[in-house]
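The values are calculated or read from the model by the stated rules, or taken from the named source; none is laboratory data. None of the values given here were measured: they were computed from a predicted structure. As a convention, Cβ positions derive from the backbone with ideal geometry for all residues, glycine included, and neighbour counts pool all protein chains shown. SASA here: full protein model, heavy atoms, side chains in, ligands and nucleic acids out. Shrake-Rupley method; radii C 1.70, N 1.55, O 1.52, S 1.80 Å.
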Amino acid sequence: MTSTHQQLSRSLSLPAVVMNGMAFMALTTVFSTYGIAAEISNGMVAGAYLVALVVMMFTAHSYGQMARAFPMSGSAYTYAQHAINPFVGFLVGWAILMDYLFIPMVNFLLFGIFFSAAIPQIPEFVWILALIVIVTYVNAKGVKFSSRINMIIISLSALFLLLFGVLAIRSILSGTGTGMLVNLDPIFDPSKSPTYLIAGAALLCFSFLGFDAVTTFSEEVKDPKKNVPRAIFLVTIIGGLIFTSAAYFAHNVWPDFTTFKDPDAAANEIFLLIGGSAMQAAFLTITALVVFGSASASQASAARVLYAMGRDGQLPQKFFGTLNEKTKVPVNNILLIGVISLSALFVSLSFITTFINFGALLSFTVVNLSVIIYYYVKQKRRSPFDTVKFLIIPAMGALMTLALLVNLDMYSKVVGSIWFLLGVIYLGWMTKGFRQPPPTLHTDPDSGVVEETIVSKPSTTP
């Protein structure tokens with residue numbers, strides 16, 4: 001079949017798309033999860049972040065290679081579709097929707113929890129509704145508008161992190177905690193099993209979601225073949241180093257994680273120790289901004305994945321595959337995600353977070369495999385250098401992300417598998433029992449240009 005469609009507007013520079021990725025990542029999430037991560041990693045949070053960073057760098061390499069080949073919206077969905085086949089592409093797209101649809105809800109819930117605790121006179125649902133409306137409005141206004149807001153949020157986040165570092169160093173030098181600025185225990189304690197690091201890394205991969213979201217803006221980035229891979233690398237390495245450094249100083253300020261009164265609020269106890277109630281108030285303020293930025297970036301990313309699948313005809317095209325005439329953004333999808341996010345009023349934070357890592361790690365594994373299949377198998381890029389680049393590195397990335405996927409808790413795997421099974425059922429219905437391929441958008445892989453036709457092979461069955 002054929003269908004004309006509008007083009008997304010190429011208006012984002014490299015700094016702008018990096019800020020979108022950093023906003024999605026939410027730099028201060030290191031504090032929100034610190035207490036739980038300390039329990040799971042047995043105090044080696046900084047080391048767990050380093051393990052997660054290494055794993056993510058391998059996968060970021062693969063995302064960069066695929067973004068260079070296919071500079072289009074859709075992220076892992078697009079890469080698997082073109083490198084492997086449309087069936088796998090759809091299922092990967094379905095899997096990453098788990099992340100992109102539920103991460104905004106995590107942020108809306110966190111916002112409600114934080115502010116209803118700070119101002120109990122206003123019910124939690126009021127805060128959640130307010131943030132959903134504001135975030136949806138900002139994204140509907142256009143990508144440049146939301147990018148400017150993200151730039152401000154990331155700048156303020158960086159100032160807060162710098163303040164934390166200064167106060168932590170001052171406290172450590174005055175004898176607080178370990179009293180040592182150089183200490184390997186938060187990275188690796190030889191008296192503890194390395195399995196704690198792996199378990200901690202599996203949890204903390206959630207913190208790195210954002211480098212992959214950069215690819216969903218590929219059709220809105222100037223010179224995407226160059227700038228999208230650069231942005232992926234920058235977001236991953238900067239975020240990883242910030243997380244590791246913050247966790248390192250937090251451990252040295254408060255080395256015994258078993259003494260936290262409430263692991264969920266461990267960061268508040270650390271802030272009170274190094275900076276008093278003023279530091280706690282600053283954290284609450286910056287958390288509000290960071291949660292807003294992450295919710296905005298994740299909603300925008302989800303809308304573009306839905307747009308890519310709708311444009312291809314794998315979701316109802318008239319609704320999902322259209323852009324607003326004025327803003328050139330998929331407003332229908334943005335509004336839909338806002339409506340879906342209203343479920344944050346009724347579900348728990350723990351239930352929502354079980355969905356997220358499963359879909360992320362599954363899609364990461366498939367993107368690593370996509371590099372091998374597209375470059376090494378199909379294009380036969382097999383020189384010694386290319387073998388390292390297109391076989392060894394992505395194979396290691398696939399094995400690492402698969403290992404983390406296997407190490408997720410059983411509840412996450414069960415819930416994730418149910419979601420995945422629903423995708424298989426829908427795919428079977430859409431393809432008449434898998435007898436015909438899913439519809440795909442015709443593209444020029446050399447230029448990344450999206451053409452004006454959607455092609456779907458006719459069914460070979462009567």
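Side notes on the structure shown:
- In straight-distance terms, cross-link reach from Lys326 covers every one of the lysines whose alpha-carbon lies under 16 Å from its own, apart from those fewer than eight places away in the same chain; here that gives Lys141, Lys144.
- In this structure the amide hydrogen of Leu12, modeled in the peptide plane, comes within under 5 Å of the amide hydrogens of Val221, Lys222, none closer than 5 places in sequence on its chain.
- On a per residue basis, the chain carries 39 Å² of accessible surface, using protein heavy atoms and a 1.4 Å probe.
- Using the average count of surrounding beta-carbon atoms within 10 Å as a protection proxy, the listed peptides 166-174, 40-48 rank, highest first, as 40-48, 166-174.
- Acute angle (nearest 10 degrees) that the helix 124-141 long axis makes with the longest principal axis of the chain, alpha-carbon atoms: 50
- About the centre of its Cα atoms, the chain shows a dipole size close to 1280 debye [charges on the beta carbon of Lys, Arg (+1) and Asp, Glu (-1) only; nearest 20 debye].
- Filtered trypsin sites (Lys or Arg not before Pro), the range 305-398: DSSP coil and at most 14 other beta carbons within 10 Å: Lys326, Lys380, Arg382
- Acute angle (nearest 10 degrees) that the helix 195-208 long axis makes with the longest principal axis of the chain, alpha-carbon atoms: 60
- Atom-type composition of the exposed protein surface of the range 123-220 places 75 percent of the accessible area on carbon and sulfur (1.4 angstrom probe).
- Relative contact order, percent, the chain [alpha-carbon distance under 8 Å, six or more residues apart]: 33
- Accessible surface of the range 299-416 [probe 1.4 Å, protein heavy atoms]: carbon and sulfur percent: 72
- Taking trypsin sites (Lys or Arg not before Pro) across the range 202-246, the ones in a DSSP loop with at most 15 further Cβ atoms lying within 10 angstrom of their Cβ are Lys222.
- For the range 369-423, the set of chymotrypsin sites (Phe, Trp or Tyr not before Pro) satisfying both a DSSP loop assignment and a count of at most 16 other C-beta atoms within 10 Å is empty.
- Acute angle (nearest 10 degrees) that the helix 331-340 long axis makes with the longest principal axis of the chain, alpha-carbon atoms: 50
- Summed over qualifying helices (DSSP H, 4 residues or more, each -39500 (n - 2.57)) and divided by its residue number, the chain shows a 222 nm mean residue ellipticity of -22500 deg cm²/dmol.
- Eligible lysines near Lys261 by straight Cα distance, threshold 26 Å, same-chain separation 8 or greater: Lys192
- Here the peptides 29-37, 278-286 are ranked by packing, the mean other Cβ count within 10 Å, and the order with the highest first is 29-37, 278-286.
- The lysines whose alpha-carbon is closer than 16 Å to the alpha-carbon of Lys389, local same-chain residues fewer than 8 away aside, are Lys378, Lys380.
- Dipole magnitude for the range 359-430: computed about the Cα centre from +1 point charges on Lys and Arg Cβ and -1 point charges on Asp and Glu Cβ, it is near 360 debye.
- In terms of packing, defined here as the mean over residues of other Cβ atoms within 10 angstrom, the peptides 206-213, 432-439, 152-159 line up highest first as 206-213, 152-159, 432-439.
- Our note on the geometry: Cα centres of the range 37-107 and the range 267-316, 17 Å apart.
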